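Here the structure comes first, spelled out in structure tokens, and everything after it is commentary.
The values are calculated or read from the model by the stated rules, or taken from the named source; none is laboratory data. Every value quoted in this text rests on a predicted model; they were computed, and no experiment measured them. Virtual Cβ from ideal backbone geometry, glycine too; neighbours counted across all protein chains shown. These accessible areas exclude ligands, DNA and RNA; they are computed on the full protein's heavy atoms, side chains included. Shrake-Rupley method; radii C 1.70, N 1.55, O 1.52, S 1.80 Å.
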Number of protein chains: 2
Amino acid sequence: MKIGIVGLGLIGGSLGLKLQSLNHTIYGIANNEINKKKAKEKKLANFVSCDLNLLKECELIILALPIKDLINPSEQLVASIPQESFVTDVGSVKEPIVKKWEKLHPLFIGSHPMAGTEQRGVDSGFEGLFKNAMWVITPTKNSDLNAIKTISELIKSMSCSICQTTPKDHDKAVSLISHLPIFLASALIEAAHTKNNQSLADLAQKLASTGFSDTSRVGGGNEQLGLELAINNQINLLDAINNFKNKLNSLELLIKEKNWELLSKKLAEAKEIRKNFIN
Amino acid sequence: MKIGIVGLGLIGGSLGLKLQSLNHTIYGIANNEINKKKAKEKKLANFVSCDLNLLKECELIILALPIKDLINPSEQLVASIPQESFVTDVGSVKEPIVKKWEKLHPLFIGSHPMAGTEQRGVDSGFEGLFKNAMWVITPTKNSDLNAIKTISELIKSMSCSICQTTPKDHDKAVSLISHLPIFLASALIEAAHTKNNQSLADLAQKLASTGFSDTSRVGGGNEQLGLELAINNQINLLDAINNFKNKLNSLELLIKEKNWELLSKKLAEAKEIRKNFIN
């Protein structure tokens, strides 16, 4: 298939590499000349251009842009997408994007691959990013059945599992398992960096090991992403933070009251629940 | 050197393997016949026994026991340790252990290797566990200089870095970077598992990816360890939780007030601070 990818960062670049390996012809849109050159060097697509007219060729177009550019797409981008092409995006929130794009294009289906790293930009893509990943699609009652089918088949062909849900439920679920962790990690890093006690901060820094590294990892990512998630999934994120605070308060109370029996039960319960999330 | 290791779980077993590779002779104490057999099969020590008298041979003894057994050691264990042997422990809290053992043995120095996995028990040890790890020693004004020197040299010989601090400062620092993350991870798991909305819990489970997996990892560990840390580092842990809650509340307020500029600044700040903790 002739596939257009708009944006050749971590997700777009990885898609370009993977889809070329499956013998599709990839038309990649870079946002500037420097990235165009790098994308060509890295062979992220068969054809790379900054000119959106390249999309005129494409039967299917994947919008791999930052959330803000998906919610407020340029007029030029919208005009460049043929009305008969299938269109999807890969943004981490779905409700505002789907709401916008369903109005803009008859064959749009929102989607979101559950895969990522802390890297970003044209240097960060790699072919294996989506291996065994869960990929959410969020069609609505307005969606074209042929678009759902075509986009689903493309996703499956990349060895991904598909999960179909509504934009609303997607945004709630990811607020818990993806967006909340970013803000927890960020608060943990700030807490460990005791500004009023430099020698303690230095010692904590020295002793930090794999436990701290893993728990704080997603707090080390691109602040622009965290910000966009907060802006575009604000209510769900606040709910998730509130929910988390209630759970933490319960644990704190057990520690204060030295209710070791119940604390042990709670820790064991969480350990068991986690197994369902990981396997 | 003839080295005794009391307890052949993750830390004790890994020490047995590593120290044998450095040509020490290891005398391992298992807590029951089943573990003795397994430890022999896994060659965790040159000699393995359940009989504490084995320690009579040893010039240096490492206590690799659960915290509660370090704070309340059996009389038999104390009686089996020669007065002229050097003694250290590897417990994750230091103040209560050092307080106890300084009274029990003239050549005791508290220590704590900053290394671990979620595994436990006689099957979990492996030679590489301590590779490049930071290892804390917490001598006090009562400590024997020769004991400090001997134990430090042994630690360095295992390719570990040494950090010397007081038991009190150790316990404060680890409450932030090691104990706090366990309770955050546990609360995160409970929050993601929305009990009042099973379909959301199921969807969250399906979509959970590496971000959730890493952020929650230390909440998947042995609840007995979490419990012992809460019991034996209670005040510092409560301080750390409180400190964390203040940071999270600040982020929450910025999200509520849509103060995106400051939120972005805070996320970027945490990202920068994290680099100092990881490198």
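Separation of the stretch A:183-227 from the stretch B:175-223 is 18 Å, based on Cα centroids.
Per-residue Cβ counts within 10 Å, from other chains only, averaged over A:153-163: what number is that?
What the average comes to for A:153-163 is 0.
The portion of the accessible surface of chain B made up by carbon and sulfur, rounded to a whole percent, is 48 (1.4 Å probe; DNA, RNA and ligands excluded).
Put a dot 7 Å past the Cα of B:Ile162, heading toward its Cβ, do the same for B:Asn249, and the two dots end up 4.3 nm apart.
For chain A, the residue among A:Ser264, A:Leu77, A:Val87 whose Cα projects farthest onto the positive side of the dipole built from Cβ charges is A:Ser264. Closest approach of a chain A Cβ to the axis relating A and B (residue, whole Å): A:Asp214, 2. Of all the stretches in chain B, which is the longest one without any exposed loop site, taking trypsin sites (Lys or Arg not before Pro) in a DSSP loop (any state but H, G, I, E, B) with at most 15 other Cβ atoms within 10 Å? Maximal segment without exposed cleavage sites: B:44-130. In a Gaussian network model over chain B where Cα atoms closer than 10 Å are linked, find which of B:Ala30, B:Ala208, B:Ala79 has the largest mean-square fluctuation. Sorting by GNM fluctuation, first place goes to B:Ala208.
Shown in residue order for the stretch B:63-78 are the 3J(HN,Hα) couplings computed by the Karplus curve 6.51 cos²θ - 1.76 cosθ + 1.60 at θ = phi - 60°: 8, 10, 10, x, 3, 5, 7, 7, 7, 10, x, 5, 4, 4, 4, 4 Hz (x for Gly and Pro).
Plainly put, the tip 7 Å out from Cα toward Cβ on A:Glu269 is 3.5 nm from that tip on each other copy, the closest given first. Computed from the alpha carbon atoms alone, the convex hull of chain B holds 155 Å³ per residue. Cα centroids of the stretch B:84-115 and the stretch A:115-136: 46 Å apart. Charge dipole (Cα centre; +1 on Lys/Arg Cβ, -1 on Asp/Glu Cβ; no other charges) of the protein assembly as shown amounts to roughly 240 debye. Taking θ as phi - 60° and the Karplus parameters 6.51, -1.76 and 1.60, the scalar couplings of the stretch A:171-186 work out to 5, 5, 5, 6, 4, 7, 9, 10, 7, 3, x, 4, 6, 5, 4, 5 Hz in sequence order, x denoting glycine and proline.
Rounded to the nearest 20, the Cβ-based charge dipole of chain B about its Cα centre (Lys and Arg +1, Asp and Glu -1) stands at 440 debye. Among the listed pairs A:Lys2/A:Lys103; A:Lys206/B:Lys245; A:Lys245/B:Lys172; A:Lys206/B:Lys275, those with a Cα-Cα distance over 18 Å are A:Lys2/A:Lys103; A:Lys206/B:Lys245; A:Lys245/B:Lys172.
Sorted shortest first, the distances from the A:Leu253 label point to those of the same residue in the other copies are 2.4 nm; each point sits 7 Å from Cα along Cα-to-Cβ.
Interface between chains A and B: roughly 8200 Å² of accessible area buried, both sides summed (probe 1.4 Å, protein heavy atoms only). Nearest-5 percent of antiparallel DSSP beta bridges in the protein assembly as shown? For the protein assembly as shown, the DSSP antiparallel bridge percentage is about 15.
Computed about the Cα centre, the dipole magnitude for the stretch A:162-218 is approximately 20 debye when only Lys and Arg (+1) and Asp and Glu (-1) carry charge, each at its Cβ. Shown in residue order for the stretch B:131-138 are the 3J(HN,Hα) couplings computed by the Karplus curve 6.51 cos²θ - 1.76 cosθ + 1.60 at θ = phi - 60°: 3, 6, 6, 7, 10, 8, 10, 10 Hz (x for Gly and Pro). Mean per-residue shielding of peptide B:191-204 is 6, counting Cβ atoms of other chains within 10 Å of each Cβ.
Put simply, the stretch B:137-191 fits an ellipsoid with semi-axes of 32, 14, 6 Å; these come from the alpha carbon gyration tensor as the roots of five times its eigenvalues, largest first.
Sorted shortest first, the distances from the B:Asp202 label point to those of the same residue in the other copies are 5.5 nm; each point sits 7 Å from Cα along Cα-to-Cβ.
Amide H to amide H distances under 5 Å link B:Ala45 with no residue, where only residues 5 or more positions off or on other chains count and H is placed in the peptide plane. A cut-off of 5 Å between modelled amide H atoms, ignoring neighbours fewer than 5 places along the same chain, links B:Phe86 with B:Leu60, B:Ile61. Farthest toward the positive end of the dipole of the stretch B:1-90, out of B:Asn35, B:Leu52, B:Ile3, is the Cα of B:Asn35, where the dipole comes from beta carbon charges about the Cα centre. Estimated purely from DSSP H runs of n ≥ 4, each contributing -39500 (n - 2.57), the mean residue ellipticity at 222 nm for chain A is -16000 deg cm²/dmol once divided by its residues. Taking amide H positions as modeled 1.01 Å from N, with prolines and chain starts lacking one, the residues under 5 Å from A:Ile162 and 5 or more places away or on another chain are A:Trp135. Counting only other chain Cβ atoms within 10 Å of each residue's Cβ, the peptide B:259-267 averages 5.
Computed over chain B with a Gaussian network model linking Cα atoms closer than 10 Å, the most mobile of B:Ser216, B:Ser199, B:Ser80 is B:Ser199.
Ligands, DNA and RNA are left out, and with a 1.4 angstrom probe the accessible area of the stretch A:186-279 is 43 Å² per residue. Comparing mean-square fluctuations of A:Leu251, A:Leu262, A:Leu225 from a GNM of chain A with C-alpha springs under 10 Å, the top value falls on A:Leu262.
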